[in-house]
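Below is one structure; the comments refer to it alone.
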Amino acid sequence: MRFNLFTKNILVALAAALAASETIKTPSGKVVPKELMEYLNCPIGNESCKQNKFAECKNEVNRLREEKYKYEIDSKKFNKIDKEESLYSEICEMVNSYNKPLQESDVYDIKDYFACEKEENKRFSKEDCTELSRACDKISRNETLRRDERIHSTMTIWLECPIGDEECRKESTKKCKESAKNCKKIYKKNERYVDIPSESEYCENYRAVCDMVMDYKPALSYDNLFNLDGYLSCKKTDVKCITKKEEICKEVLDICKSDNYPKTFCNDIKTTCDKVKSMKKNATKTTSTTKTKTTKTKTTKSKTTCACAKGYCCSKWGYCGKDSAYCGKGCQSKFGICN
């Protein structure tokens, strides 16, 4: 027992020392800065964490890519951001495959590996799980993203509008077409990537991407599928907000069905969309009633205005006179004199 405990302590100390001294490098040999290690710090086997970190990392890549094209290609600022983007891109590709060094709990808390058997989760049937597995396979092959080798990474920035955001798509289409005018410069800057075709084909594909922005449907996010309360978060009288949520909900439901997500997910979303539709109906009624009341009030007020001669008072009922009934309480000073 003493030997085992001694061995255990040595192993733990060794693992800790290795973890502390380990220098993480990207596939091309670049050292991963400490401030970017946050993308690689998920617990071993925590795929959900890795997916979230990957999404965060890709968002930063896209932000940098959009930022650099604000500057002249090959300018000092452009090259600096391009270098940073390249580092982020490599780190993003490491997120799903990288595992932190083993910790003491990974080796010795064996009982934790059997905890799943105790969990009772009857929400999903075997059929649902099978369908989910198929959907995951499609996503991993980028089928739901409708992407192929012709859509280079320099073009995907224009396909990243949130679901249901028509204004974003219109703006992206506009910016994409403006950028496509300089596609030859963009190609020359990125021709070091082996997956890029010829310059003419690259530019042709770039313009084709611009044309598909308005109809492009991205893969569904966790929030799209499971944060159903988010669709119901508008104020009851905010028709504009509710209408926006309804558009998003409908598009999510359409993608859910067409891309073979589990029926349970799609049914939950459909139920939520029906609730949003009902909210919109009630909000529209409320708004219509409010407008009617406002119109009536305005009409009543229009009867209380005066066109009095100089030196006369306008009563609250809209009549002209000079005594206290006209010039006292309720007198409308903007239409005449008042006491």
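Packing-wise, with mean Cβ within 10 Å as the measure, how do 205-216, 30-41 rank, highest first? Mind dumping the intermediate values first?
Details: 205-216: 16.7, 30-41: 13.1.
Highest to lowest by the protection proxy: 205-216, 30-41.
Taking 0.36 nm per residue of separation and subtracting the Cα-Cα distance, what length does fully extending residue 257 through residue 38 add? Walk me through the numbers before you get to the answer.
Numbers: separation 219, 0.36 × 219 = 78.84 nm, distance 3.53 nm.
Gain in length upon complete extension: 75.3 nm.
With a simple spin-label model that places each label point 7 Å from the Cα along the Cα-to-Cβ direction, the separation between residue 73 and residue 48 comes to 4.4 nm.
Just to confirm my numbers, what's the Cα centroid distance between the stretch 203-239 and the stretch 41-79 in Å? Each part reduced to its Cα centre gives a spacing of 20 Å. You can think of it this way: the chain between residue 323 and residue 156 has 52.4 nm of extra reach, that is 0.36 nm per residue less the Cα-Cα gap.
Listed cross-link partners 70/217; 77/185; 235/281; 58/170; 170/236 are compared with a 19 Å cut-off, the Cα-Cα value being larger for 70/217; 58/170; 170/236. Full extension of the chain between residue 232 and residue 212 yields a length gain of 4.2 nm, computed as 0.36 nm times the residue separation minus the alpha carbon distance. Using R0 = 30 Å, the C-beta based FRET efficiency linking residue 84 and residue 198 works out to 0.60. Put a dot 7 Å past the Cα of residue 240, heading toward its Cβ, do the same for residue 221, and the two dots end up 2.2 nm apart.
Where a number appears in this text, it was derived from the coordinates with a stated rule and is not lab data. Please read all numbers here as calculations on a predicted model, not as lab measurements. Cβ: placed from backbone, ideal geometry, glycine included. Neighbour counts: every protein chain shown.
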